[in-house]
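The values are calculated or read from the model by the stated rules, or taken from the named source; none is laboratory data. This one's a predicted model, so the numbers in the text were calculated from it and none came from an experiment. Cβ placement follows ideal geometry from the backbone for every residue including glycine, while neighbour counts extend to all protein chains displayed. When the accessible area is computed, the model is the full protein with side chains, heavy atoms only, and any ligands, DNA or RNA have been set aside. Shrake-Rupley method; radii C 1.70, N 1.55, O 1.52, S 1.80 Å.
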Amino acid sequence: MKQKILIIDDEKMLTDLLAQHFRDNGYLTYIANNAGEAIAQLGEKPDIVLMDINMPDVDGLTLCKNIRNHVVCPIIFLTARITEQDKINGLRIGGDDYITKPFSLLELTARVEAHLRRDLRSRTEPDIVSSGGLIVNISERTVFYEGLEVELSKREFDIMEFLISNANQVFDKERIYEAVWGLDADGDSSVIKEHIRKIRAKLYKVTGKEYIETVWGVGYKWKK
């Protein structure tokens with residue numbers, strides 16, 4: 001199976017160049033030119049991330065800090081910054097390596113290969129789903145948005161997991177209840193409406209966004 005590389009840099013010419021280079025060397029490559037695109041690409045479960053520090057919206061250090069607890073793969077910073085303090089800051093917030101621009105493609109490739117070899121010996125893959133800036137760690141049952149945690153109850157997380165795992169599919173209250181509580185559960189599917197209300201409120205409080213859509217007369221769906 002081909003290993004996956006996520007390349008994050010606001011310079012599209014550079015991301016295209018690196019993507020083509022690593023594709024030619026047998027890797028699957030994914031490109032992000034800003035933080036929002038980067039978070040969306042985490043759902044591809046990259047094996048390594050190459051990340052620029054100097055980006056205009058959310059810089060690489062902030063992005064790394066926001067995602068580091070949700071991805072176990074190596075992160076290599078690609079940047080024109082060369083001060084010792086910049087290197088220290090990058091490594092302290094979760095970076096694994098640091099290469100300054102301009103760099104040799106041969107050296108970068110060698111570093112990527114070294115990190116992937118090392119990572120294969122110790123890596124445990126988390127189950128991550130990303131949507132609209134949310135990072136949902138199914139394995140650890142946590143939800144984060146730009147570094148802020150959205151605290152959900154057990155049932156709220158179960159409902160959210162079911163909907164986000166089946167994004168854009170519409171489910172009525174009975175189907176959601178069966179999926180979360182089980183076919184043999186003694187209860188009333190009317191509780192789904194109140195749980196959905198609470199999930200929406202908690203997500204909106206942190207993100208300012210609506211993720212669950214009501215399809216009137218039918219049910220609910222997670223907007224992908």
Legend entry - Principal axes of the chain: Cα extent on each, largest first, Å: 62, 35, 30
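Stretched out fully, how many nm does the piece from ARG23 to ARG92 gain, at 0.36 nm a residue minus the Cα gap?
Details: separation 69, 0.36 × 69 = 24.84 nm, distance 3.04 nm.
Extra length available between ARG23 and ARG92 comes to 21.8 nm.
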Inset, instruction - Convert each backbone phi in the stretch 168-180 into a coupling constant with the Karplus relation 6.51 cos²θ - 1.76 cosθ + 1.60 (shift: θ = phi - 60°), then list the ³J(HN,Hα) values in order as whole Hz, x for Gly and Pro. - result: 6, 9, 9, 10, 7, 4, 5, 5, 5, 4, 4, 5, 8
Inset, instruction - In whole Hz, with x marking every Gly and Pro, tabulate ³J(HN,Hα) for the stretch 111-120 from phi via Karplus 6.51 cos²θ - 1.76 cosθ + 1.60, θ = phi - 60°. - result: 5, 4, 4, 5, 5, 5, 4, 5, 5, 4
Legend entry - Cα convex hull of the stretch 107-224 - mean projected area over all directions, nm²: 9.7
Legend entry - Length added when fully stretched, ASN168-VAL218, from 0.36 nm per residue minus Cα-Cα: 16.7 nm
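Counting pairs on different chains as well as pairs 8 or more places apart, how many Lys pairs in the stretch 1-114 have Cα atoms under 16 Å apart? Before the final figure, lay out each step's value.
On the way: LYS2/LYS45; LYS4/LYS45; LYS12/LYS101; LYS65/LYS87; LYS87/LYS101.
Lysine pairs meeting the criterion: 5.
Given a 1.4 angstrom probe, I'd like the percentage of the accessible area of the stretch 58-167 that is carbon and sulfur, rounded to a whole number. The partial results should precede the final answer.
Numbers: 2700 of 5410 Å².
Whole-percent figure for carbon plus sulfur exposure: 50.
Rank by packing, highest mean first: peptides 34-41, 70-77, 189-196, with packing defined as the count of other Cβ atoms within 10 Å averaged across residues. Intermediate values should be presented prior to the final figure.
Values: 34-41: 18.9, 70-77: 20.5, 189-196: 15.6.
Ranking the peptides 34-41, 70-77, 189-196 by packing returns 70-77, 34-41, 189-196.
What FRET efficiency, computed as 1/(1 + (r/R0)^6) with R0 = 35 Å and r the Cβ-Cβ distance, is obtained for TYR204 and LEU106, rounded to the nearest 0.05?
Computed FRET efficiency for TYR204 and LEU106: 0.10.
Which value, in Å², gives the accessible area per residue of the chain when a 1.4 Å probe is used on the protein heavy atoms?
Working: 11740 Å² over 224 residues.
That works out to 52 Å² per residue.
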Inset, instruction - Run the 1.4 Å probe and let me know the accessible area of SER139, rounded to the nearest 10 Å². - result: 80
Legend entry - Partner lysines for LYS173 [C-alpha distance under 18 Å; skip if fewer than 8 residues away on the same chain]: LYS154, LYS193, LYS198, LYS221, LYS223
